[in-house]
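Asks: Quick one: the structure is below, questions incoming.
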Amino acid sequence: MLTPAQLLKGYARGVFPMAESAYDPRLYWYDPPLRGILPVGGVHASRSLLRDLRRGGWSAHLDGDFDAVLTACADRETTWINAPLMRLYHQLHRAGHAHALEIRQKGAFAGGIFGVTLGAAFFGESMVSARTGGSKMALLWMSSHLARCGFTLFDTQFLTPHLARMGGLEVARERYHLLLADALGRRADLRAHPLPSADQLWQEITHTS
């Protein structure tokens, strides 16, 4: 049975676990030849997304309800998050290595993202949208917050069309390992600074784009 310590060692080596399905208790290590990453503090926001952010009603909350975000990410027809991984993520959360960013729109759950931190690396595991734009808002907030807190690597494992539209790119395994080694040699803390408000995030993005 995989332990939290073994899981962190795997991340430090550049590999990550996945299950074939929620009903398969086995876990498999993955080390793809091309790795997806997002720019820390530089996720692309479309004009329509910025307009939506500017209209107000959006807010972000760190670790307000880790279980709710994790459960929402796993609650889909096809998922790689099985019961052993759910248990491991909860254990890492209690140890301070797993975090969830929850997005709300006018007080209602709209989406979120959760992942694992090690050094100055954030390993994004999964994201979810409960409302239109919920996962995109989560990426915007998380990217901004990672930069504010001293992180240098935003790992997305694979590159999807959704992530590519927001500035994601693929790097070769060798390049990823160099970025990972640099991040592991640094110190960062996701709780070092408060999350920005929606207005602060909008101003930050529009003033640097």
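Asks: For Cα pairs less than 8 Å apart in space and 6+ apart in sequence, what is the mean separation divided by the residue count of the range 64-200, i.e. the relative contact order in percent?
Replies: Normalised by residue count, the contact order of the range 64-200 is 21 percent.
Asks: Okay, next question. Taking the Cα centre of the chain as origin and charging only Cβ (+1 Lys, Arg; -1 Asp, Glu), how large is the dipole, in debye to the nearest 20?
Replies: Charge dipole of the chain: 380 debye, to the nearest 20.
Asks: Using bins 10 angstrom wide from zero, how does P(r) for the chain break down, in % of all Cα pairs?
Replies: For the chain, the binned pair fractions read 9, 36, 39, 15, 1 percent.
Asks: When only alpha-carbon atoms are used, what values of Rg and Dmax, in angstrom, describe the range 1-114?
Replies: 16.2, 48
Asks: Still on this structure: Please order 18, 1 by the number of other Cβ within 10 Å, starting at the fewest.
Replies: Sorted ascending by nearby Cβ count, the order is 1, 18.
Asks: Follow-up question, since we're still on this one. So, with +1 on the Cβ of K and R and -1 on the Cβ of D and E, and no other charges, what is the size of the charge dipole of the range 15-93 about its Cα centre, to the nearest 20 debye?
Replies: 460
Asks: Quick one: grab the alpha carbon gyration tensor of the range 111-196, order the square roots of its eigenvalues as a ≥ b ≥ c, and give me rounded if a/c is under 1.5, else prolate or oblate depending on whether a/b is larger than b/c.
Replies: oblate
Asks: Compare the Cα positions of 159, 137, 180 along the charge dipole of the range 137-209 (+1 at Cβ of Lys, Arg; -1 at Cβ of Asp, Glu; about the Cα centre) and return the one farthest towards the positive end.
Replies: My answer, from the dipole projection, is 180.
Asks: Under the rule a/c < 1.5 gives rounded, and otherwise a/b versus b/c splits prolate from oblate, where does the range 150-209 land using the Cα gyration tensor?
Replies: It comes out oblate by the Cα gyration axes.
Asks: Can you compute the equivalent ellipsoid semi-axes for the range 70-130, i.e. the square root of 5 times each eigenvalue of the Cα gyration tensor, sorted largest first and rounded to whole Å?
Replies: 19, 16, 10
Asks: Sequence gap at least 6, Cα distance under 8 Å: using those rules, report the relative contact order of the range 1-145 to the nearest whole percent.
Replies: 24 percent.
Asks: Also, I was wondering about something else. When 81, 113 are ordered from fewest to most other Cβ atoms inside 10 Å of their Cβ, what list results?
Replies: By the 10 Å Cβ count, ascending, the order reads 81, 113.
Asks: Counting only helical runs of four or more DSSP H residues, what would the 222 nm mean residue ellipticity of the chain come to if each run contributes -39,500 (n - 2.57) and the total is spread over all its residues?
Replies: Calculated from helices alone, the mean residue ellipticity at 222 nm is -12000 deg cm²/dmol.
We did not get these values from a lab; they are worked out from the coordinates using the rules stated. Model, not experiment: these values are computed from the prediction. Every residue, glycine among them, receives a Cβ derived from its backbone with ideal geometry; neighbour counts consider all protein chains shown.
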